[in-house]
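Some notes on the structure that comes next.
The values are calculated or read from the model by the stated rules, or taken from the named source; none is laboratory data. Being a predicted model, the structure only gives us computed values, none of them experimental. Cβ sites come from the backbone with ideal geometry, for glycine too, and all protein chains shown count toward neighbours. When the accessible area is computed, the model is the full protein with side chains, heavy atoms only, and any ligands, DNA or RNA have been set aside. Shrake-Rupley method; radii C 1.70, N 1.55, O 1.52, S 1.80 Å.
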2 protein chains.
Amino acid sequence: MKITVLGTGMVGNAIASKLVKVGHQVMMGSRNTNSDAGQEWLRSVDGKAQIGTFAEAAAFGEIVFDCTNGANSLAALRQAGATNLHAKILIQVGNPLDTSKGMPPSLTVCNTDSQGEQVQREFPDVRVVKALNTLNCDIMIDPSRVPGDHDLFICGNDTEAKREVASRLCEWFGWKPNNIIDLGDISNSRGTEMFLALWVRLWGALGTPHFNIHVVRGK
Amino acid sequence: MKITVLGTGMVGNAIASKLVKVGHQVMMGSRNTNSDAGQEWLRSVDGKAQIGTFAEAAAFGEIVFDCTNGANSLAALRQAGATNLHAKILIQVGNPLDTSKGMPPSLTVCNTDSQGEQVQREFPDVRVVKALNTLNCDIMIDPSRVPGDHDLFICGNDTEAKREVASRLCEWFGWKPNNIIDLGDISNSRGTEMFLALWVRLWGALGTPHFNIHVVRGK
């Protein structure tokens, strides 16, 4: 399958590498196709992938992972272009991190709006699915790093798109279907993005980003 | 032990009833000591407790549970009075819910501040511990309603106060010490309060408020 990964940061890197490893044709989208980060990644996968501009990459894939830096996601997606993204599934992975006030980061948008919603509003023809934004990238692509049951949250307005994303995340990354919780429409991004505030503090308290949460049902 | 519970809503009700049941002297604090909610609660515990004004109740207890409605917590605590609360442990349970824009609720403060911090700033001599605000009140007072391991987050500036609160929550409500995660200082309230945004959506997706999360550590 032809898959686009927008963003050459740690998250884009991890997802793109895993997709190459499981046999897909991957094009990574970057602001600067000759950037050190992009070229280093290309070497790390033995050149078995491509790097293009955001627009070239968006045109290439059947499914698009948006792993751009949260604060710049809308700008990057505008460069990717509505026509190139038209009717495609866009898995929106980033959180709208604001590190301008130091650590831990706060969010540039939250509470009564979210980045998932902003992206869906700006690109009404794109099938936006917010997913993978509640955990470290090592666990996104290899959930077996955390033992037993632990959960992934997805949301979006397009039921068929969510079904496909859930199925692909199981197939490509090894998630168990029962551990993927569909929260509902894209406004639920507020919930998963605001979890960042607890997540970063748990990282501090536990001393590792390698954890996830499991929702345990009671009686 | 003499314990104060401020607030006659569902949460105050659940906590106060449990404390009476395990043998403590409880005074519930209310804006109106003759309110129907308060009187009904008093009948439900066969009159084995007291109801007072916020100030009377704050003066009564050795430990204070603040279960007031989030939007009104600061006003209620001002009525309770800094002198009555002086040097006491205040377990701050509420979330700063804003239901003015409909459901699901948003927060009146978040991201770069929190209710826990607001209360601590307003009452610098009070030993504020934010706790219990990430789950339904039935589970707060009876964690065995959710099977296996699931976690409670506490934070606050006073290490000794947090240690006592953790110990009391185990003793009174049945929490396991290993399931209480100390996140650090009171600014970590941002994390646990903002979790509300995910919690309300999980309630919707699961169809029950009777769940909790377990933090699963990986490798």
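A Cβ distance below 6 Å, combined with a sequence gap of six or more or placement on separate chains, defines the contacts here; from segment B:80-95, residues that are within 23 Å of residue B:10 (Cβ to Cβ) reach residues that are surrounded by fewer than 20 Cβ atoms within 10 Å (Cβ to Cβ) in the pairs B:80/B:55. Taking the criterion of being surrounded by 15 or more Cβ atoms within 10 Å (Cβ to Cβ), over 21 Å from residue A:217 (Cβ atoms) and touching a strand residue (DSSP E or B) at 6+ places or on another chain (Cβ under 7 Å), would at least one residue in segment B:142-154 satisfy it? Yes, segment B:142-154 has at least one match.
Give segment B:43-74 a look and list any residue that's assigned to a helix (DSSP H, G or I), over 16 Å from the mean Cα position of the chain (by Cα) and without any contact (Cβ under 8 Å) to a residue 12 or more places away in the chain, or say none.
So the first thing to find is which residues in segment B:43-74 are assigned to a helix (DSSP H, G or I), and the list is B:43-44, B:54-60, B:70-74.
Now drop any that are not over 16 Å from the mean Cα position of the chain (by Cα), which leaves B:43-44, B:55-56, B:59-60.
Hit for segment B:43-74 is B:43, nothing else.
Within segment A:82-94, does at least one residue satisfy the condition of being surrounded by fewer than 23 Cβ atoms within 10 Å (Cβ to Cβ), over 30 Å from residue B:188 (Cβ atoms) and among the polar types (S, T, N, Q)? Within segment A:82-94, one or more residues are surrounded by fewer than 23 Cβ atoms within 10 Å (Cβ to Cβ), over 30 Å from residue B:188 (Cβ atoms) and among the polar types (S, T, N, Q). Counting only residues that are more than 12 Å from chain B (Cβ to nearest Cβ) and over 12 Å from the mean Cα position of the chain (by Cα), segment A:90-112 holds 1 of them. Within the set A:217, A:163, A:168, the sole residue that is more than 12 Å from every other protein chain (Cβ to nearest Cβ), among the charged types (D, E, K, R) and free of Cβ contacts under 8 Å to residues at least 12 places away in the same chain turns out to be A:163. One residue stands out in segment A:1-14 among those that are farther than 10 Å from residue A:93 by Cα and not in a strand (DSSP E or B): the one that is most open to solvent (accessible area, probe 1.4 Å), namely A:10.
Look at residue A:122 and say whether it is modelled with pLDDT of 95 or more, within 14 Å of chain B (Cβ to nearest Cβ) and within 29 Å of residue B:197 (Cα to Cα).
When the stated conditions are applied, residue A:122 does not pass them.
Give the residue, chosen from B:215, B:129, that is touching a strand residue (DSSP E or B) at 6+ places or on another chain (Cβ under 6 Å), over 30 Å from residue A:147 (Cβ atoms) and at pLDDT 95 or above.
Working: B:215 fails: over 30 Å from residue A:147 (Cβ atoms).
Just a single option satisfies the conditions, and that option is B:129.
Among the residues of segment A:113-128, just one is assigned to a loop (DSSP other than H, G, I, E, B) and aliphatic (A, V, I, L, M), namely A:126.
Specify the residue that is surrounded by the most Cβ atoms within 10 Å (Cβ to Cβ); the eligible residues are those in segment B:185-199 that are more than 7 Å from every other protein chain (Cβ to nearest Cβ) and within 20 Å of residue B:143 (Cα to Cα). Among them, the one singled out is B:193.
Residue B:177: under 13 Å from residue B:90 (Cα atoms) and either of a type in the set (Asp, Glu) or open to solvent by 50 Å² or more (accessible area, probe 1.4 Å) (or both), yes or no? No: the conditions fail for residue B:177.
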